[in-house]
Structure formats: C-alpha cells, structure tokens
Amino acid sequence: MTFESRALLLTGVIAFAAGCSSGSVTLTPAPNRQTPSPRAPTPTPSATGSLTSAQVATALQKVETTFGSLPHTNLVNDLSTLAAQMVSSHAYKSAVVEPGGIAAKLSDGTPVLLFADRLEGLGGAYGSQSRRAPADRRRADPPLSPPSAHEITLFVNEADTSGAFTPTRQVAYGNAFAQSGFGASTGYGVDAVDVSLENILALGSGHPLDFLGMATHGIIGSDPDNPLASNTYYAWLSTSPITDAMTAQYQTDYNAGNLISAIYLTINKTTVALPSYAFTPVFLTEHMKFNPGAILDNASCWGQNPLIASNVQGTVQAAGVGRYLGWTKEVGGNDGDETDAFIFDRMLGEQSPSTTGLDLYANQRTPPQRPFPLDDIETAMGAENRNSPIERPHSEPYTQSDNGYAVNAVAPPIADGTLARLVISDFGGESVANPPIEYGLPSISLMYVIEAAANGALTIDGSFPAASGHIQITDSSGTYPLTPASWSTSQVTTTLPNGGNGASGIVKVFYGTPGSSVISSNPVPLTQWSGQLVYNESDKIPDLGGDDGSGTGTLQVTYNVNVRDDVHPTVPQIDFSPVPQNFTFTGPEGNSRATVTMFNGTFTTVDEGTPPPTMYHATFALAQNAAPMVPGIPTGQGVPSGTFDIGAYGGQPSPCNNARAGPQGVAGNVFCPVAAFDSLDTGTCSDDDSGDLCGPPILSPLVNFGLPPGVGHVGGQLILTMDPSTYAISVTSNQASFLSSHFGGASYDRQATAAMSGAFGTPLSPPGSATPAYHRRGGV
C-alpha cells in the first residue's frame, strides 16, 4: 500500500513556520503602530456582521476579479489600488494593505482577509520574478492515521495549484518519516494532509503533536479601522470553503476573530481562488494538542515578522510548543520546501540507495550521513548555501530567501530589504521531562570497548533521546539484546559477552523499550578479529648456577586472541566527510588465552677443581600440564599470576598511532600494542651436578614485548597494520635485543633476542558499503 493511499503513522510534535533567519530581528514598526510586547496574547478581530456566508463569498470573489484587471507590474501598487477600490465600491467599510495582502471589513463590519503572500500563486508578471515551484494538482487525502500518543502532521495548501505549494513534496516528507520507522507499530502517527478545518478538527486532541509543519498562505492582519500594534494578528489560510454550516460550527471562534473569511488573490487563469477561512494561532492551539516541547515548523510567509512574532510565540509556547520556526517575510515556495527537505534529511539520516526518498529533494553526501540533532541541523542551515535537486544552487544559506520581492522591501525589518530570514525561537523544548524524539533521534557516532575477564564494557558515543531506550547487536547467528548500564543524551554504555553469540556485529540503539514504541539509530559495525601471535626468544647462556660455561635456550609463547574495535569512518559533523578512526583495542577479549608452547635449552660447564676436569650438563624443558594464561594485567611482583595482556600503550614511535579510540586527525591504521605475559609455567631444569646448576629460578615471571627496555621489558615493537579497504590485519615486528633473566641466571650477562609474528583471519562485521557512516533507522 503506498503512502498516499493510507494514513501515515508517526509520533512526535514539531511545527515549522515560514519565517526569518535563525537570529533576532530588528523591529521596524509600520506607521501608526507600536511594537507589541513579548509574549502578548494574539489580538483577534471581532466578527459581528449580518451578511450570510454566500454574500461574504461573493464579495470576496468580486475583489479577486477586480484584482485580475490591474496592471500587475508592481504588487505594492496593485494592492494599494485594490484597497482604495474596495472602499470606494461601498461593499467594504475599510481596507488596509498589510504584509501578505489586505485586511478589510465588509459593509456590515465583518472582517475579511485577502492573501497575496506567495508571488508564485499570483502568476503573471509577479510569478515571472520568482523561482516558481511546479504546478501540482490537488490530490485526495488518505484517511488520517489512527489516534496515537505522538503525531507528526504536515499541513499543505492543496487548493492553490498555481505553483505556490507542491503537496507531493509534503507527502514525500511524511513518507520519509514512515520509512524511517515512524508508524503505528512504533506508536507514532504521520499525516501529510490538506490544511482544512476538517483535518484540524479531526486530528484534534486525539493526535497530540510532536511535530507540526505548516505550508499554506500566511498574512499579518489587523483591524483596518484602527491598525495599531494592539490590533495586529497573524493568520493562515485554510482550504475549507465558506459556508453557513461551517460558520455555525465554529461560531464562537468566528465571533472572536479566530476564524476569518478570506480568499487568496491570483491572476493565473487556470486557478480558481475559492473563498475560504483563515485561522489564527489561537484557533490552531485551541483545536490541536501539542505534546510538551513540540516543534512547530511554519513554512508559510510572515510567521516570524517582528510585527506579530512575539504574539505568535506567546500563543504557541503557552500551548506547549518548545521550538518555533518561521520566516520574517515572504519566502519563495521552493525555498521553503528546500529548507524543510534539508531539515528532514539531516534529521532522519539516510542510507544508500535511498530508503527515505529524500535524495529527490535534498542533496546527500557520499556516503550518506547519520542522523543529527535539531540544534546541529539549525547551525548547519545557517552555514551552508542552498543546493538541492529542487532548484539550482544559490549563494544564500538555507536560513535566507531573497527572490527580490518588492513587497518585502516595504515591510519590517526594513534593513533586510527583500530578504526573508528564518527565525528560530527556542522555548526550552529539550528541557521537558520527555522531549519529542525529533529533537534528536538515536544516532551513533563511534564506539569503543574496554575489555575485562568477565565481559567487555561497550561505550557508544553519539546523540540519543533523553528517555532511556535499549540496545541490540546482530551477528550471523541472530540478534541479541544488550541492557544499558548508563544512558545520557551523548553517551550510552552496556556490556558485551566475551566470545560467542553477540560478541561483535551490527550495533543499534533504540528509543523506547522492546515491544513498545521503538525508533532505531543508524547501525554501526563492531568489528572482531581472531588471530594467533607468537613470541619467540633466543638466549645465550654464559653461566649457570655460578659456573661459567656455554649454552643456549629458546622460549616461545603463543597468544590465541580475539580483539574488537569500531573502525567505521565516522561523520563528526553535518556534511563533513567521513573521518577514519584509529585502529586500536584495550586488550584481548576475555575468552582469549596464551600458552608457553616452547621452553628448551642446554648448558655445559667444566669443574676445574678436580683433575681431570669434569663436564656437567643441564637441560631445560617445558613443564607439563601448566594452565593457559588468561587475560589480565601481569603484576610482575615475583609471584606468577597466570595472566597475559596485549593492548594499547601510548607514546609509541612512528608509524604507530597514539593508541586512542576514535578519530585523531591523522591516519591511524597502524597500531603497536604491548604484549606481556606472566606464566604459571616456570619450566623445568635437570642436571648431572646434584641440582647445583639448576638452583636459580628458571623462567622469569614477567615479560613485556613492545615497551622500552628495562626491568621486565625486552623492548622490540609489535606492529599491527589494518588495511583501510579490507580491514584485514597484517603482523610484523622489530627485533628486541636485551639482557635476559630466563634460564636461571643473573640478567647482566644473558644476551637475548626476541621477535613476534602471527596472523589474523578474516574480520567479522567489517565496515562496508552498507555500514560506513550510514544511519537508517528501520527495524527492531
């Protein structure tokens, strides 16, 4: 079933308003107006007339016809001329030109609005000045989604098909949410529908909003008999025709001025402008419910104009909205859609090939990037210039829209001229107890593991919802839950098994609990390697048991290890190129083992005290049935611990990386760990000198390879190099030369050399075309 043939399901409240830049706006009041006080209630006109709905509709259609006969070379002049003609016709008591059109009163005092806020919708000469959106026929809305705890609604004007609005884009944006896991099964409702009063009422309180998008005509209205700031208000245009039944249904709102008769002006002969109702933010917040911290994205014109911004902000904030986005002046239809496409694409994340379908509306990076929090997206919008498949690139950021509209030049803020800015009002929506997930969907940036004998401690850095969710890992054998040990908006921790099922694989973090509403993060691979490393030491034995002589010894330790690390290229910021991470690990997995696999040698001395000289011999051998060493940090305290370690150590010389997890600014695929062991197997020694030769300890309890030479250190360098394309590991080493304390003697004369070798098998869950920096969320 296609998205357009059914209701969308989604949870979360966000509303976007067409507005200005993401900063404060200098207020330039219009003549005879005073700046409204912050958070003041939205003023509303009073509808006290006696005309019928049919008479009101007829009067509005006549004005639209009159507008069609004007020169259409300058909209400011046309609107002034039209307002004067309306009053001189005696059908209107008064009329005043406002940002976005005309506010007027009919002869009986009924307030009306005439919208002229989107030049694309006007057509003719005005439309030729703008970057026009393609015409889009009105579609039949699918049934609304079932009631849910979290709703995402994208309202769009489907009646103005002249090019001001493109409903199929709003449908595509809603579908992107649905494809990202938002739906009935996860406790969300998603609806991309016509901005009709019927739809507003039907969604009502049964669909509490996380996110609300508004794409329709917007206007600054006033009482034309007294156009002061205290009588100024903001209104959107619905698509519901004016009827006596509708007026009666909303009589209280109509009388209070929260619902106003209106029409949009057009000179496009293919478009029929139907008289319909405009509604104020008060009407919207009375008839729709917002979850605490909800987001309102108003892509309509004038929604953050300084004449009405504080009133609109105060109304929506009082209703629970935590963040409000809107444009200061008239914004081009393409520009508004392009900005929204950027927000949704970077919010939801993507995977190649596209699963959200937003690659048709937003330019995506290669590889596609993970989801990012709304705060980061808003910062990026102000720093990046427009560039999308919707239209050609422009040298203006996504927070600006300048199509040279003359109506913008005469509206405050005057200093901005024809430029419309996107203004973002933050009311602290992220500080509520359980903010909408749309502020930041689960997103993994990078991971690292601190290994221990019992398990591995996995730390996941990124951005996560405030409410704790759950984690899972998937390998070739299946999917396994991981219980969060700690949870914050920037970091989540959990424990991993050592070896076996779920020891490595694709990690996801989920919003919600299993079996309830869950939205998944981008999947990130935790890669695992299994290999064998062999330590080989050769000693010269010049004395033994206090007697000079000569001999040689050989020591070998075999490490069978499993190691794991996150080595996927991470994307640190929006639209940054993927950054390689260091290949490093803190130690072997707890199921790894090390064993002394060779310990042999011989020594011969001469007893010169009794002629003729007597030759004595000693033989070294491997102890039988000694226990393998387990992962742990060797103590070197003289008491064998039966542990071994191989892991990170900083300060290694070039080309070794700094042994730190994550991206470090330089290529870090060469890792030089330290290998240490402290064996319970001390070896055996037998001689033909009544045991005198074999008196001293045979095998030193502590050996470190890869540290600078010193007590217990043999020097050398173990070099593990990861191929950045296949993620295979190769092993080389630099030989160590040192004074050994093995084979029963003082270290000052034990000349020895050592080196390491080994090989690792094919990595499990390496990054690939499906897992470099991607961020698809679907699935559980």
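The values are calculated or read from the model by the stated rules, or taken from the named source; none is laboratory data. Remember, it's a predicted structure, so these values are computed and weren't measured experimentally. Every residue, glycine among them, receives a Cβ derived from its backbone with ideal geometry; neighbour counts consider all protein chains shown. To get the accessible areas, we keep the full protein, side chains included, count just its heavy atoms, and leave off ligands, DNA and RNA. Shrake-Rupley method; radii C 1.70, N 1.55, O 1.52, S 1.80 Å.
Could you run through the stretch 670-707 and say how many residues are at pLDDT below 85 and of a type in the set (V, I, T)?
So the answer is 3.
Could you tell me whether the stretch 83-99 includes any residue that is part of a loop (DSSP other than H, G, I, E, B), touching a residue at least 24 places away in the same chain (Cβ under 8 Å) and either among the charged types (D, E, K, R) or buried (at least 22 other Cβ atoms within 10 Å of the Cβ) (or both)?
yes
Looking at the stretch 200-214 only, could you name the residues that are touching a His at 6+ places or on another chain (Cβ under 6 Å) and within 15 Å of V321 (Cβ to Cβ)?
Selection gives D210 alone.
Within the stretch 417-442, which residues are buried (at least 24 other Cβ atoms within 10 Å of the Cβ), touching a Pro at 6+ places or on another chain (Cβ under 8 Å) and not in a helix (DSSP H, G or I)?
P435, G440, L441, P442
Looking at the stretch 261-283, is at least one residue surrounded by 22 or more Cβ atoms within 10 Å (Cβ to Cβ), at pLDDT 95 or above, in contact with an Asp or Glu (Cβ under 6 Å, 6 or more places away or on another chain) and β-branched (V, I, T)?
Among the residues of the stretch 261-283, at least one is surrounded by 22 or more Cβ atoms within 10 Å (Cβ to Cβ), at pLDDT 95 or above, in contact with an Asp or Glu (Cβ under 6 Å, 6 or more places away or on another chain) and β-branched (V, I, T), which makes the answer yes.
May I ask you to say which residue of G691, G683 is crowded, with 16+ Cβ neighbours inside 10 Å, more than 35 Å from the chain's Cα centre (by Cα) and more than 30 Å from S445 (Cα to Cα)?
Unique residue meeting the criteria: G683.
Looking for whichever is at pLDDT 95 or above, out of contact with any Asp or Glu (no Cβ under 7 Å at 6 or more places or on another chain), closer than 14 Å to T399 by Cα and surrounded by 24 or more Cβ atoms within 10 Å (Cβ to Cβ) here; the options are V331, V312, V321. Which one fits?
V331
Testing G183 on (1) closer than 30 Å to P353 by Cα; (2) surrounded by 24 or more Cβ atoms within 10 Å (Cβ to Cβ), one condition comes back false. Which one is that?
(2)
So in the stretch 337-381, with the set limited to residues that are farther than 21 Å from V524 by Cα and part of a loop (DSSP other than H, G, I, E, B), which one is most open to solvent (accessible area, probe 1.4 Å)?
Filtering the stretch 337-381 for residues that are farther than 21 Å from V524 by Cα and part of a loop (DSSP other than H, G, I, E, B), the one most open to solvent (accessible area, probe 1.4 Å) comes out as N363.
Every residue in the stretch 49-77 that is in a helix (DSSP H, G or I), within 50 Å of the chain's Cα centre (by Cα) and touching a residue at least 12 places away in the same chain (Cβ under 8 Å), please.
Listed by number, the residues that qualify are S53, V56, A57, L60, Q61, V63, E64, F67, G68, L75, V76.
Quick one: which residue in T495, T489 is hydroxyl-bearing (S, T, Y), touching a Gly at 6+ places or on another chain (Cβ under 8 Å), assigned to a loop (DSSP other than H, G, I, E, B) and surrounded by fewer than 23 Cβ atoms within 10 Å (Cβ to Cβ)?
T489
Among the residues of the stretch 546-584, count how many are closer than 30 Å to L458 by Cα, open to solvent by less than 20 Å² (accessible area, probe 1.4 Å) and touching a His at 6+ places or on another chain (Cβ under 9 Å).
2
Only residues in the stretch 187-199 that are farther than 19 Å from S261 by Cβ count as the first member; pair them with residues that are among the small types (G, A, S) and in a helix (DSSP H, G or I), Cβ under 8 angstrom, at least 6 apart or cross-chain, and list the lot.
V190/G174; V190/A178; D191/G174; A192/G174
List the residue pairs whose Cβ atoms are under 7 Å apart, where the first residue sits in the stretch 470-484 and is on the phi < 0 side of the Ramachandran plot, the second is open to solvent by less than 20 Å² (accessible area, probe 1.4 Å) and not in a strand (DSSP E or B), and the two are 6 or more positions apart or on different chains.
Here the result reads I473/G502; D475/G502; D475/S504; Y480/G502, each pair linking the stretch 470-484 to a residue that is open to solvent by less than 20 Å² (accessible area, probe 1.4 Å) and not in a strand (DSSP E or B).
Condition test on S577, is it modelled with pLDDT under 95, part of a loop (DSSP other than H, G, I, E, B), polar (S, T, N, Q) and within 36 Å of the chain's Cα centre (by Cα)?
yes
Could you figure out which of (1) outside any helix (DSSP H, G or I); (2) open to solvent by 10 Å² or more (accessible area, probe 1.4 Å) isn't true of T168?
Evaluating T168 over (1) outside any helix (DSSP H, G or I); (2) open to solvent by 10 Å² or more (accessible area, probe 1.4 Å) leaves (1) as the failure.
Of everything in the stretch 382-406 that's charged (D, E, K, R) and part of a loop (DSSP other than H, G, I, E, B), which residue is farthest from N298 (Cα to Cα)?
Checked the stretch 382-406; the qualifying residue farthest from N298 (Cα to Cα) is R392.
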